[in-house]
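Bear in mind that the values in this text are calculations on the coordinates, not laboratory data. Nothing here was measured: the structure is a model prediction, and the numbers come from that model. Ideal geometry is used to build each Cβ from the backbone, glycine not excepted, and the neighbour counts take in all protein chains shown.
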Amino acid sequence: EAIDVAQSIERISALKDKIKHLGNINVDALEEYKDVKSRYETMTTQKEDLLKSKEELAKIIQDVSSNMTKLFNKQFAVIQKEFDRVFKILFNGGEARLVLTDEDDHETRGVEIIAQPPKTKLQNISALSGGEKALTACALIFAILKIKPAPFCVMDEIDAALDDANVVKFCEYLNTISRENQIILVTHKKRTMEAAGSLYGVSVAADGITNVFSVKLAQIGEKGDYHAG
């Protein structure tokens, strides 16, 4: 077959120029390719595992969120029923309920307290008087303690805004739940103190020294005295 020598020389020269532009030959290219390929396959496998784990976690979160919502709604209904019952006892009638501000948004929704003391209209707790607010709050606390008794409960002047008549109701109901809960109550109300099983007081003498004394009311009638220390 006839060959065009001049054209072949020109072609060879062009190919040599292209080879030069490729740079130096990397004799380790095959080994490097194997390493890169191995790393790529490893990372691809890890990526697939992570995506699978992500899907599993998303499902777990969805299940937990669904169960929490069901449990919340169940306990919310129980507390609401008990809250209304205790409210009627403390107020000698009326009506009270808890209302969710946004039932669709589980993360940002709040709870509003709607109360209706006897001979009044149904209204938000913010519209009640100070004494009514305090007694309504007591009803809610007592409702929660009835459903979930605590080892002990600390109340700091929760009866401060109550008049004498409401303090009596408060103490009567407090005694009913004291069988299941140990109540530590900070108070300045005499009627509340009379209902307590034990009193603990702090006084400052003229010399500035603080004295702590205790009185067990159940023993006063028996012994006619009390222990101070």
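General remarks:
- Segments 156-162, 180-186, 24-30, 41-47 sorted - mean Cβ within 10 Å per residue, highest first: 156-162, 180-186, 41-47, 24-30
- Amide H contacts of ILE183: CYS153, each under 5 Å away and 5 or more positions distant or on a separate chain (H built 1.01 Å from N in the peptide plane; Pro and chain starts excluded).
- Rounded to the nearest 500, the helix-only mean residue ellipticity at 222 nm of the chain stands at -19000 deg cm²/dmol, with each DSSP H run of n ≥ 4 adding -39,500 (n - 2.57).
- The alpha carbon convex hull volume per residue for region 1-108 rounds to 258 Å³.
- The base-10 log of I(q)/I(0) for region 55-155, evaluated at q = 0.19 Å⁻¹, reads -0.97 [Debye formula, identical scatterers on Cα atoms, solvent excluded].
- Structure-derived mean projected area of the Cα convex hull in nm² - corresponding label in (1) 12.8; (2) 33.2; (3) 14.1: (2)
- Charge tally for THR120 (other residues, Cβ to Cβ under 15 Å; Lys, Arg +1; Asp, Glu -1): +3.
- Summed side-chain charge close to ASP17 - residues other than ASP17 whose Cβ falls under 14 Å, Lys, Arg +1, Asp, Glu -1: +3
- Each residue, ASN211 and GLU194, gets one label point 7 Å from its Cα in the Cβ direction; the gap between the two is 2.6 nm.
- Amide H partners (placed H, <5 Å) of GLU95, local residues excluded: GLN116
- Charge dipole of region 1-78 about the Cα centre (unit charges at C-beta), most positive-ward option of ALA2, ILE60, PHE72: PHE72
- Most fluctuating residue given options ALA143, ALA165, ALA77, as computed from a GNM of the chain linking Cα atoms under 10 Å: ALA165
- Taking other residues whose beta carbon is less than 14 angstrom from the beta carbon of MET43, and scoring Lys, Arg as +1 and Asp, Glu as -1, yields -1.
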